[in-house]
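Asker: Sharing a structure, written as C-alpha coordinates. Questions coming.
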Amino acid sequence: MVDLWQIIIPIEVLCIFSYFYRDNPFYKIAEHVFIGTATGIALSVAIQSTILTGVKPLLAGKISLLPPIVLGILVFTRITKKWIWISQYSFALLIGVGTGVSSRGVVSATIIRLIGTVIPAWGTDMWSNVEALIYFIMAATILIYFLFSFEHSGAVGYMATIGQYSMMVFFGQRYSGYIYSFTSNALYGIGLIFTPPGIYITIIGIIIVTADALLQYSRNKSTIPEAGDSAG
Amino acid sequence: MIYILVLGIPFIRPIGIPLQISEGTRDMYNALEALKPGDVVLYAWTIDLSAWSELGPGMVAIAAHILSKPDVKLIMVGELATPLCYERIIDTIRNTISKDLFGKEYGKDYCILMTAGGESGMKAFMTDIRGAISYDFYLNSLDDLPVMEGVRDGKDFTIAFTAITSAYQPHIRQIVDLCNVPLGALMMGAVAFGAMPYYKAGVLFSVMAGLGSCAEYELLTYKGPAITRMDSLSLSAVMVVILMIAANIKFYSTKVSVKVESDKDG
(Lines give C-alpha, C1' and ligand atoms only; values in the text may rest on other atoms or scores of the structure.)
Protein backbone atom coordinates (compact mmCIF):
# COMPACT_ATOMS: atom_id res chain seq x y z
CA MET A 1 0.00 0.00 0.00
CA VAL A 2 1.26 3.47 -0.91
CA ASP A 3 1.99 5.75 2.01
CA LEU A 4 -0.15 8.89 1.69
CA TRP A 5 2.85 11.07 2.52
CA GLN A 6 4.66 9.70 -0.53
CA ILE A 7 1.99 11.45 -2.61
CA ILE A 8 1.51 14.60 -0.51
CA ILE A 9 5.24 15.46 -0.28
CA PRO A 10 5.95 15.27 -4.05
CA ILE A 11 2.86 17.43 -4.68
CA GLU A 12 4.20 20.00 -2.20
CA VAL A 13 7.67 19.86 -3.82
CA LEU A 14 6.21 20.28 -7.31
CA CYS A 15 4.09 23.21 -6.15
CA ILE A 16 7.25 24.90 -4.79
CA PHE A 17 9.23 24.18 -7.98
CA SER A 18 6.35 25.53 -10.08
CA TYR A 19 7.63 28.99 -9.14
CA PHE A 20 10.39 28.46 -11.72
CA TYR A 21 7.67 28.53 -14.36
CA ARG A 22 5.90 31.55 -12.89
CA ASP A 23 4.18 32.77 -9.73
CA ASN A 24 0.96 30.79 -9.37
CA PRO A 25 -1.73 29.79 -6.83
CA PHE A 26 -0.19 26.30 -6.32
CA TYR A 27 3.07 27.88 -5.21
CA LYS A 28 1.19 30.24 -2.87
CA ILE A 29 -0.69 27.32 -1.31
CA ALA A 30 2.54 25.36 -0.80
CA GLU A 31 4.24 28.43 0.68
CA HIS A 32 1.41 28.99 3.17
CA VAL A 33 1.23 25.31 4.09
CA PHE A 34 4.99 25.30 4.73
CA ILE A 35 4.96 28.43 6.91
CA GLY A 36 1.85 27.32 8.78
CA THR A 37 3.23 23.85 9.45
CA ALA A 38 6.61 25.16 10.57
CA THR A 39 4.97 27.64 12.94
CA GLY A 40 2.64 24.98 14.31
CA ILE A 41 5.51 22.57 14.94
CA ALA A 42 7.61 25.30 16.58
CA LEU A 43 4.76 26.24 18.91
CA SER A 44 3.89 22.67 19.89
CA VAL A 45 7.57 21.83 20.43
CA ALA A 46 8.06 24.92 22.62
CA ILE A 47 5.03 23.98 24.75
CA GLN A 48 6.22 20.37 24.99
CA SER A 49 9.70 21.52 25.97
CA THR A 50 8.31 23.79 28.71
CA ILE A 51 6.18 20.97 30.12
CA LEU A 52 8.93 18.37 29.90
CA THR A 53 11.83 20.33 31.29
CA GLY A 54 9.98 22.77 33.58
CA VAL A 55 6.38 22.20 34.62
CA LYS A 56 6.38 18.40 35.05
CA PRO A 57 9.57 18.22 37.20
CA LEU A 58 8.31 21.21 39.25
CA LEU A 59 5.01 19.48 39.96
CA ALA A 60 6.98 16.39 40.93
CA GLY A 61 8.69 18.42 43.65
CA LYS A 62 11.79 19.86 42.00
CA ILE A 63 11.49 23.29 43.66
CA SER A 64 14.82 24.49 42.23
CA LEU A 65 13.02 25.02 38.92
CA LEU A 66 10.68 27.65 40.41
CA PRO A 67 13.02 30.69 40.05
CA PRO A 68 13.81 30.06 36.34
CA ILE A 69 10.12 29.48 35.59
CA VAL A 70 9.17 32.72 37.36
CA LEU A 71 11.93 34.57 35.51
CA GLY A 72 10.64 33.09 32.26
CA ILE A 73 7.11 34.28 32.97
CA LEU A 74 8.45 37.74 33.80
CA VAL A 75 9.72 38.04 30.21
CA PHE A 76 6.08 38.48 29.20
CA THR A 77 5.98 41.83 31.02
CA ARG A 78 7.53 43.22 27.83
CA ILE A 79 4.03 43.39 26.37
CA THR A 80 3.17 46.27 28.74
CA LYS A 81 5.06 49.57 28.70
CA LYS A 82 4.55 50.09 32.43
CA TRP A 83 6.12 46.81 33.58
CA ILE A 84 8.67 46.32 30.83
CA TRP A 85 11.56 47.02 33.25
CA ILE A 86 10.84 43.80 35.12
CA SER A 87 11.77 41.72 32.07
CA GLN A 88 15.24 43.27 32.12
CA TYR A 89 16.14 41.15 35.16
CA SER A 90 15.33 37.98 33.27
CA PHE A 91 17.36 39.07 30.26
CA ALA A 92 20.27 40.25 32.41
CA LEU A 93 20.48 36.84 34.06
CA LEU A 94 20.08 35.04 30.74
CA ILE A 95 22.86 37.01 29.06
CA GLY A 96 25.12 36.86 32.13
CA VAL A 97 24.81 33.11 32.58
CA GLY A 98 25.08 32.51 28.83
CA THR A 99 28.27 34.54 28.55
CA GLY A 100 29.76 32.90 31.63
CA VAL A 101 29.02 29.38 30.41
CA SER A 102 30.32 29.96 26.90
CA SER A 103 33.45 31.77 28.13
CA ARG A 104 34.70 28.60 29.72
CA GLY A 105 36.60 26.66 27.15
CA VAL A 106 36.98 29.49 24.66
CA VAL A 107 40.68 29.87 25.38
CA SER A 108 41.64 26.24 25.83
CA ALA A 109 39.41 24.59 23.22
CA THR A 110 39.28 27.17 20.48
CA ILE A 111 42.55 29.11 20.78
CA ILE A 112 45.33 27.13 22.47
CA ARG A 113 44.54 23.81 20.78
CA LEU A 114 44.17 25.46 17.38
CA ILE A 115 47.61 27.04 17.58
CA GLY A 116 48.96 23.53 17.03
CA THR A 117 47.45 23.43 13.53
CA VAL A 118 49.22 26.58 12.33
CA ILE A 119 52.66 25.82 13.78
CA PRO A 120 54.57 23.42 11.51
CA ALA A 121 55.96 20.39 13.35
CA TRP A 122 59.12 19.82 11.33
CA GLY A 123 60.23 16.26 10.92
CA THR A 124 56.81 14.61 10.92
CA ASP A 125 55.25 14.64 7.46
CA MET A 126 56.34 17.03 4.69
CA TRP A 127 52.86 17.74 3.34
CA SER A 128 51.47 18.36 6.82
CA ASN A 129 54.23 20.88 7.34
CA VAL A 130 53.52 22.61 4.03
CA GLU A 131 49.82 22.69 4.94
CA ALA A 132 50.58 24.09 8.38
CA LEU A 133 52.91 26.68 6.87
CA ILE A 134 50.18 27.82 4.46
CA TYR A 135 47.71 28.02 7.38
CA PHE A 136 50.23 30.05 9.36
CA ILE A 137 50.90 32.50 6.51
CA MET A 138 47.18 32.91 5.82
CA ALA A 139 46.28 33.39 9.50
CA ALA A 140 49.12 35.90 10.05
CA THR A 141 48.46 37.92 6.90
CA ILE A 142 44.71 38.10 7.54
CA LEU A 143 45.44 39.44 11.03
CA ILE A 144 47.81 42.01 9.48
CA TYR A 145 45.06 43.06 7.06
CA PHE A 146 42.89 44.00 10.03
CA LEU A 147 45.62 46.01 11.78
CA PHE A 148 44.71 49.59 11.14
CA SER A 149 47.14 51.17 13.62
CA PHE A 150 49.66 51.81 10.85
CA GLU A 151 49.62 52.42 7.12
CA HIS A 152 49.36 49.41 4.79
CA SER A 153 52.42 50.20 2.67
CA GLY A 154 55.69 48.45 1.85
CA ALA A 155 56.13 44.98 3.38
CA VAL A 156 53.01 45.39 5.51
CA GLY A 157 51.06 46.32 2.39
CA TYR A 158 52.21 43.18 0.57
CA MET A 159 51.30 41.02 3.56
CA ALA A 160 47.88 42.70 3.83
CA THR A 161 47.31 41.92 0.14
CA ILE A 162 48.19 38.26 0.74
CA GLY A 163 45.72 38.38 3.65
CA GLN A 164 43.07 39.81 1.34
CA TYR A 165 43.61 36.99 -1.17
CA SER A 166 43.52 34.45 1.66
CA MET A 167 40.13 35.78 2.69
CA MET A 168 38.95 35.60 -0.92
CA VAL A 169 39.95 31.92 -0.96
CA PHE A 170 37.96 31.37 2.23
CA PHE A 171 34.89 33.24 0.96
CA GLY A 172 35.06 31.37 -2.34
CA GLN A 173 35.18 28.07 -0.53
CA ARG A 174 32.32 29.17 1.71
CA TYR A 175 30.22 30.18 -1.28
CA SER A 176 30.87 26.89 -3.07
CA GLY A 177 30.01 25.11 0.17
CA TYR A 178 26.64 26.84 0.25
CA ILE A 179 25.94 25.87 -3.36
CA TYR A 180 26.86 22.29 -2.43
CA SER A 181 24.56 22.38 0.61
CA PHE A 182 21.62 23.98 -1.17
CA THR A 183 21.91 21.53 -4.06
CA SER A 184 22.05 18.64 -1.56
CA ASN A 185 18.86 19.95 0.05
CA ALA A 186 17.15 20.41 -3.31
CA LEU A 187 18.09 16.86 -4.30
CA TYR A 188 15.83 15.48 -1.59
CA GLY A 189 12.86 17.11 -3.32
CA ILE A 190 14.12 16.29 -6.81
CA GLY A 191 14.56 12.66 -5.79
CA LEU A 192 10.94 12.54 -4.61
CA ILE A 193 9.51 13.91 -7.86
CA PHE A 194 11.60 11.68 -10.11
CA THR A 195 10.93 8.35 -8.39
CA PRO A 196 7.59 6.52 -8.10
CA PRO A 197 4.97 7.52 -7.06
CA GLY A 198 6.22 11.12 -7.38
CA ILE A 199 7.17 10.68 -11.04
CA TYR A 200 3.49 10.17 -11.98
CA ILE A 201 2.57 13.41 -10.23
CA THR A 202 5.47 15.11 -12.05
CA ILE A 203 4.11 13.91 -15.40
CA ILE A 204 0.70 15.37 -14.51
CA GLY A 205 2.46 18.60 -13.48
CA ILE A 206 4.36 18.79 -16.77
CA ILE A 207 1.09 18.28 -18.69
CA ILE A 208 -0.58 21.10 -16.70
CA VAL A 209 2.37 23.47 -17.27
CA THR A 210 2.51 22.64 -21.00
CA ALA A 211 -1.25 23.16 -21.37
CA ASP A 212 -1.02 26.47 -19.53
CA ALA A 213 1.92 27.59 -21.69
CA LEU A 214 0.04 26.72 -24.88
CA LEU A 215 -3.12 28.45 -23.63
CA GLN A 216 -1.10 31.52 -22.72
CA TYR A 217 0.58 31.48 -26.14
CA SER A 218 -2.69 31.24 -28.05
CA ARG A 219 -4.26 33.95 -25.86
CA ASN A 220 -1.30 36.28 -26.47
CA LYS A 221 -1.45 35.54 -30.19
CA SER A 222 -5.17 36.42 -30.38
CA THR A 223 -4.73 39.69 -28.41
CA ILE A 224 -1.80 40.95 -30.58
CA PRO A 225 -3.42 43.26 -33.15
CA GLU A 226 -2.89 42.52 -36.83
CA ALA A 227 -0.60 44.95 -38.71
CA GLY A 228 -3.49 46.51 -40.62
CA ASP A 229 -5.90 46.80 -37.62
CA SER A 230 -4.17 49.65 -35.86
CA ALA A 231 -3.68 51.60 -39.08
CA GLY A 232 -7.34 51.24 -40.04
CA MET B 1 13.90 24.24 -14.83
CA ILE B 2 16.50 22.57 -17.11
CA TYR B 3 18.80 22.30 -14.09
CA ILE B 4 16.15 20.38 -12.13
CA LEU B 5 15.41 18.10 -15.09
CA VAL B 6 19.10 17.28 -15.58
CA LEU B 7 19.54 16.55 -11.86
CA GLY B 8 16.53 14.26 -12.02
CA ILE B 9 18.08 11.95 -14.65
CA PRO B 10 20.26 9.95 -12.20
CA PHE B 11 17.15 9.15 -10.12
CA ILE B 12 15.55 7.54 -13.18
CA ARG B 13 18.75 5.94 -14.48
CA PRO B 14 21.62 5.86 -11.91
CA ILE B 15 25.04 6.66 -13.37
CA GLY B 16 27.12 5.07 -10.61
CA ILE B 17 29.88 7.67 -10.28
CA PRO B 18 32.50 6.06 -7.98
CA LEU B 19 32.94 7.41 -4.45
CA GLN B 20 36.19 7.68 -2.53
CA ILE B 21 36.04 7.40 1.25
CA SER B 22 37.40 10.58 2.82
CA GLU B 23 39.64 10.70 5.87
CA GLY B 24 36.96 12.20 8.15
CA THR B 25 34.40 9.52 7.25
CA ARG B 26 36.99 6.78 7.73
CA ASP B 27 37.89 8.15 11.19
CA MET B 28 34.24 8.21 12.22
CA TYR B 29 33.70 4.66 10.99
CA ASN B 30 36.82 3.34 12.74
CA ALA B 31 35.89 5.04 16.02
CA LEU B 32 32.38 3.57 16.02
CA GLU B 33 33.60 0.21 14.80
CA ALA B 34 35.92 0.06 17.81
CA LEU B 35 33.04 0.40 20.32
CA LYS B 36 33.02 -2.37 22.91
CA PRO B 37 30.15 -3.84 24.99
CA GLY B 38 29.34 -1.50 27.85
CA ASP B 39 30.33 1.66 25.98
CA VAL B 40 27.94 4.61 26.06
CA VAL B 41 27.55 6.82 22.99
CA LEU B 42 26.17 10.34 23.22
CA TYR B 43 24.20 11.44 20.18
CA ALA B 44 24.45 15.09 21.07
CA TRP B 45 22.29 18.11 20.24
CA THR B 46 22.11 17.57 16.51
CA ILE B 47 20.08 19.45 13.94
CA ASP B 48 16.32 19.31 13.92
CA LEU B 49 14.46 18.33 10.74
CA SER B 50 15.44 21.51 8.89
CA ALA B 51 18.65 20.06 7.40
CA TRP B 52 17.36 16.51 7.19
CA SER B 53 17.62 16.44 3.41
CA GLU B 54 21.39 17.01 3.55
CA LEU B 55 22.46 15.32 6.78
CA GLY B 56 19.61 12.89 7.47
CA PRO B 57 21.03 9.91 5.53
CA GLY B 58 24.34 10.18 7.40
CA MET B 59 22.61 10.52 10.77
CA VAL B 60 20.60 7.38 10.01
CA ALA B 61 23.67 5.40 8.88
CA ILE B 62 25.68 6.44 11.95
CA ALA B 63 22.83 5.71 14.39
CA ALA B 64 22.33 2.31 12.73
CA HIS B 65 26.03 1.58 13.03
CA ILE B 66 25.96 2.39 16.75
CA LEU B 67 22.78 0.37 17.35
CA SER B 68 24.23 -2.60 15.49
CA LYS B 69 26.99 -2.88 18.08
CA PRO B 70 26.09 -5.42 20.79
CA ASP B 71 25.56 -4.05 24.31
CA VAL B 72 26.46 -0.50 23.34
CA LYS B 73 24.15 2.12 24.86
CA LEU B 74 22.93 5.08 22.82
CA ILE B 75 21.79 8.25 24.57
CA MET B 76 20.20 10.73 22.18
CA VAL B 77 19.84 14.22 23.60
CA GLY B 78 18.55 17.35 21.95
CA GLU B 79 16.59 20.54 22.24
CA LEU B 80 13.21 21.69 20.92
CA ALA B 81 12.52 19.82 17.63
CA THR B 82 15.66 17.65 17.73
CA PRO B 83 13.96 14.73 19.53
CA LEU B 84 11.48 14.61 16.62
CA CYS B 85 14.48 14.15 14.36
CA TYR B 86 15.69 11.27 16.58
CA GLU B 87 12.27 9.63 16.34
CA ARG B 88 12.53 9.87 12.56
CA ILE B 89 16.02 8.32 12.62
CA ILE B 90 14.74 5.37 14.61
CA ASP B 91 11.69 4.99 12.32
CA THR B 92 13.89 5.14 9.21
CA ILE B 93 16.22 2.45 10.60
CA ARG B 94 13.20 0.25 11.37
CA ASN B 95 11.69 0.78 7.91
CA THR B 96 14.82 0.50 5.79
CA ILE B 97 17.68 -1.20 7.63
CA SER B 98 16.57 -3.41 10.50
CA LYS B 99 12.92 -4.08 11.30
CA ASP B 100 13.70 -5.15 14.87
CA LEU B 101 16.24 -2.34 15.33
CA PHE B 102 19.08 -4.85 15.79
CA GLY B 103 17.15 -6.25 18.74
CA LYS B 104 17.53 -2.97 20.63
CA GLU B 105 14.76 -1.71 22.92
CA TYR B 106 13.80 1.78 23.96
CA GLY B 107 14.77 2.47 27.56
CA LYS B 108 17.01 -0.57 27.77
CA ASP B 109 19.50 0.08 24.96
CA TYR B 110 18.73 3.60 23.83
CA CYS B 111 16.72 6.63 24.88
CA ILE B 112 15.73 10.09 23.72
CA LEU B 113 16.24 13.00 26.12
CA MET B 114 15.33 16.67 25.91
CA THR B 115 17.11 19.64 27.45
CA ALA B 116 16.41 23.37 27.41
CA GLY B 117 18.48 26.52 27.66
CA GLY B 118 20.99 26.24 24.83
CA GLU B 119 24.60 26.03 25.87
CA SER B 120 23.70 26.54 29.55
CA GLY B 121 21.42 23.51 29.34
CA MET B 122 24.16 21.58 27.57
CA LYS B 123 26.62 22.39 30.35
CA ALA B 124 24.09 21.50 33.05
CA PHE B 125 23.46 18.14 31.36
CA MET B 126 27.14 17.32 30.98
CA THR B 127 27.82 18.29 34.59
CA ASP B 128 24.94 16.44 36.23
CA ILE B 129 22.36 14.69 34.03
CA ARG B 130 19.74 14.13 36.73
CA GLY B 131 20.22 17.65 38.04
CA ALA B 132 19.45 19.03 34.57
CA ILE B 133 16.56 16.78 33.55
CA SER B 134 14.31 14.32 35.32
CA TYR B 135 12.38 12.75 32.46
CA ASP B 136 12.98 11.41 28.99
CA PHE B 137 11.13 12.64 25.89
CA TYR B 138 8.15 10.39 26.70
CA LEU B 139 7.91 11.57 30.31
CA ASN B 140 9.45 8.42 31.80
CA SER B 141 11.56 9.06 34.86
CA LEU B 142 15.29 8.68 34.17
CA ASP B 143 15.52 6.38 37.18
CA ASP B 144 13.12 3.98 35.45
CA LEU B 145 15.30 3.67 32.33
CA PRO B 146 17.85 0.82 32.55
CA VAL B 147 19.91 2.52 29.81
CA MET B 148 20.64 5.39 32.19
CA GLU B 149 22.06 3.16 34.91
CA GLY B 150 25.59 4.25 35.71
CA VAL B 151 25.33 7.29 33.44
CA ARG B 152 25.53 10.27 35.79
CA ASP B 153 27.43 12.99 33.90
CA GLY B 154 29.33 13.75 30.72
CA LYS B 155 32.39 11.84 31.82
CA ASP B 156 30.44 8.57 31.62
CA PHE B 157 30.18 8.79 27.84
CA THR B 158 32.74 6.90 25.78
CA ILE B 159 32.30 8.89 22.62
CA ALA B 160 30.02 11.60 21.26
CA PHE B 161 28.59 12.37 17.84
CA THR B 162 26.80 15.43 16.57
CA ALA B 163 25.32 16.63 13.28
CA ILE B 164 25.13 20.38 12.92
CA THR B 165 24.58 23.19 10.47
CA SER B 166 26.46 26.07 12.05
CA ALA B 167 27.42 26.54 15.71
CA TYR B 168 29.70 23.66 16.66
CA GLN B 169 31.77 25.59 19.21
CA PRO B 170 29.33 25.02 22.12
CA HIS B 171 29.67 21.26 21.51
CA ILE B 172 33.46 21.56 21.60
CA ARG B 173 33.38 23.62 24.80
CA GLN B 174 30.89 21.49 26.73
CA ILE B 175 31.66 17.99 25.44
CA VAL B 176 35.34 18.00 24.54
CA ASP B 177 36.77 20.65 26.81
CA LEU B 178 34.55 20.18 29.86
CA CYS B 179 34.29 16.38 29.88
CA ASN B 180 37.13 15.21 27.62
CA VAL B 181 34.75 13.10 25.55
CA PRO B 182 35.96 12.51 21.95
CA LEU B 183 33.57 14.24 19.57
CA GLY B 184 32.98 13.55 15.88
CA ALA B 185 30.78 15.78 13.76
CA LEU B 186 28.76 15.56 10.60
CA MET B 187 28.36 19.08 9.26
CA MET B 188 26.61 20.95 6.51
CA GLY B 189 28.94 21.25 3.50
CA ALA B 190 29.15 25.03 3.83
CA VAL B 191 30.52 25.00 7.38
CA ALA B 192 32.51 21.77 7.47
CA PHE B 193 35.62 23.29 5.93
CA GLY B 194 35.63 25.99 8.61
CA ALA B 195 35.82 23.22 11.22
CA MET B 196 38.81 21.52 9.59
CA PRO B 197 41.38 23.23 11.87
CA TYR B 198 39.61 21.61 14.84
CA TYR B 199 39.93 18.25 13.12
CA LYS B 200 43.59 18.82 12.25
CA ALA B 201 44.27 19.86 15.84
CA GLY B 202 42.58 16.71 17.16
CA VAL B 203 39.83 18.64 18.97
CA LEU B 204 37.30 16.78 16.81
CA PHE B 205 38.21 13.19 15.96
CA SER B 206 36.23 13.37 12.74
CA VAL B 207 34.63 15.99 10.51
CA MET B 208 32.24 14.74 7.85
CA ALA B 209 31.11 17.21 5.19
CA GLY B 210 27.56 17.19 3.89
CA LEU B 211 25.81 14.72 1.65
CA GLY B 212 29.08 13.41 0.19
CA SER B 213 30.22 12.10 3.55
CA CYS B 214 26.76 10.68 4.23
CA ALA B 215 27.03 8.67 1.00
CA GLU B 216 30.52 7.49 1.95
CA TYR B 217 29.26 6.33 5.34
CA GLU B 218 26.35 4.53 3.71
CA LEU B 219 28.85 2.80 1.45
CA LEU B 220 30.76 1.62 4.52
CA THR B 221 27.68 0.50 6.44
CA TYR B 222 24.13 0.32 5.04
CA LYS B 223 23.26 1.50 1.53
CA GLY B 224 20.75 4.35 1.53
CA PRO B 225 19.40 7.38 -0.34
CA ALA B 226 22.59 9.47 -0.16
CA ILE B 227 24.41 7.16 -2.60
CA THR B 228 21.68 7.71 -5.22
CA ARG B 229 21.71 11.45 -4.64
CA MET B 230 25.49 11.62 -5.06
CA ASP B 231 25.17 10.96 -8.80
CA SER B 232 22.97 14.03 -9.08
CA LEU B 233 25.25 16.07 -6.82
CA SER B 234 28.29 15.21 -8.94
CA LEU B 235 26.31 16.05 -12.06
CA SER B 236 25.29 19.38 -10.52
CA ALA B 237 28.97 20.20 -9.84
CA VAL B 238 29.80 19.48 -13.49
CA MET B 239 26.87 21.63 -14.60
CA VAL B 240 27.89 24.53 -12.35
CA VAL B 241 31.45 24.42 -13.75
CA ILE B 242 30.15 24.32 -17.36
CA LEU B 243 27.76 27.22 -16.68
CA MET B 244 30.56 29.22 -15.03
CA ILE B 245 32.87 28.69 -18.02
CA ALA B 246 30.05 29.55 -20.46
CA ALA B 247 29.15 32.69 -18.48
CA ASN B 248 32.81 33.80 -18.39
CA ILE B 249 33.22 33.23 -22.15
CA LYS B 250 30.04 35.24 -22.77
CA PHE B 251 31.19 37.98 -20.38
CA TYR B 252 34.62 38.37 -21.99
CA SER B 253 33.28 38.15 -25.55
CA THR B 254 30.75 40.90 -24.74
CA LYS B 255 33.52 42.95 -23.14
CA VAL B 256 35.72 42.59 -26.25
CA SER B 257 32.90 43.45 -28.67
CA VAL B 258 31.94 46.53 -26.60
CA LYS B 259 35.60 47.63 -26.61
CA VAL B 260 35.89 47.15 -30.40
CA GLU B 261 32.73 49.20 -30.94
CA SER B 262 33.90 51.99 -28.65
CA ASP B 263 37.28 52.03 -30.43
CA LYS B 264 35.45 52.38 -33.78
CA ASP B 265 33.34 55.26 -32.40
CA GLY B 266 36.37 56.94 -30.88
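Asker: May I ask you to list the residues in segment A:183-201 that are away from every other protein chain (no Cβ under 11 Å) and either touching a residue at least 12 places away in the same chain (Cβ under 8 Å) or surrounded by 14 or more Cβ atoms within 10 Å (Cβ to Cβ) (or both)?
Answerer: Selection gives A:PRO197, A:ILE201.
Asker: Considering each of B:PRO14, B:PRO18, B:PRO83 in turn, give the residue that is within 14 Å of chain A (Cβ to nearest Cβ) and over 30 Å from A:ILE41 (Cβ atoms).
Answerer: B:PRO14
Asker: Going by the structure shown, is A:TYR180 under 30 Å from B:SER234 (Cβ atoms), within 7 Å of chain B (Cβ to nearest Cβ) and either in contact (Cβ under 8 Å) with a residue 12 or more places away in the chain or touching a strand residue (DSSP E or B) at 6+ places or on another chain (Cβ under 9 Å) (or both)?
Answerer: yes
Asker: Ok, one more. Name the residues in segment B:219-263 that are touching a Pro at 6+ places or on another chain (Cβ under 6 Å) and closer than 20 Å to B:MET28 by Cβ, would you?
Answerer: The answer is B:GLY224, B:PRO225, B:ALA226.
Asker: Still on this structure: Going by what's in this entry, would B:GLY212 be described as of a type outside the set (Lys, Arg), in a helix (DSSP H, G or I) and free of Cβ contacts under 8 Å to residues at least 24 places away in the same chain?
Answerer: Considered against the rule, which asks whether it is of a type outside the set (Lys, Arg), in a helix (DSSP H, G or I) and free of Cβ contacts under 8 Å to residues at least 24 places away in the same chain, B:GLY212 comes out as no.
Asker: Just one of A:ILE79, A:ILE137, A:ILE144, A:ILE111 is exposed (fewer than 13 other Cβ atoms within 10 Å of the Cβ) and modelled with pLDDT of 80 or more; which is it?
Answerer: Of A:ILE79, A:ILE137, A:ILE144, A:ILE111, the one residue that is exposed (fewer than 13 other Cβ atoms within 10 Å of the Cβ) and modelled with pLDDT of 80 or more is A:ILE79.
Asker: Now for a different question. Whether any residue in segment B:224-241 is in a loop (DSSP other than H, G, I, E, B), within 15 Å of the chain's Cα centre (by Cα) and either within 14 Å of chain A (Cβ to nearest Cβ) or surrounded by 17 or more Cβ atoms within 10 Å (Cβ to Cβ) (or both) is what I want to check.
Answerer: Yes, segment B:224-241 has at least one match.
Asker: Here's a follow-up. Inside segment A:17-51, can you point out the residues that are within 12 Å of another protein chain (Cβ to nearest Cβ) and assigned to a loop (DSSP other than H, G, I, E, B)?
Answerer: Listed by number, the residues that qualify are A:TYR21, A:ARG22.
Asker: To continue, here is another question. Looking at A:SER102, A:SER87, which is the one that is within 10 Å of chain B (Cβ to nearest Cβ), in a helix (DSSP H, G or I) and within 30 Å of B:TYR135 (Cα to Cα)?
Answerer: A:SER102
Asker: Let me ask something additional. Within segment B:184-207, work out how many residues are within 13 Å of chain A (Cβ to nearest Cβ), within 12 Å of the chain's Cα centre (by Cα) and not in a helix (DSSP H, G or I).
Answerer: 4
Asker: Scanning for something crowded, with 24+ Cβ neighbours inside 10 Å and assigned to a loop (DSSP other than H, G, I, E, B), does segment B:35-58 turn up at least one residue?
Answerer: So far as segment B:35-58 goes, yes, one or more of its residues are crowded, with 24+ Cβ neighbours inside 10 Å and assigned to a loop (DSSP other than H, G, I, E, B).
The values are calculated or read from the model by the stated rules, or taken from the named source; none is laboratory data. In this text the structure is predicted, and so the values were computed from the model without any measurement. Using ideal geometry, Cβ is built from the backbone for each residue, glycine included, and neighbour counts are taken over all protein chains shown.
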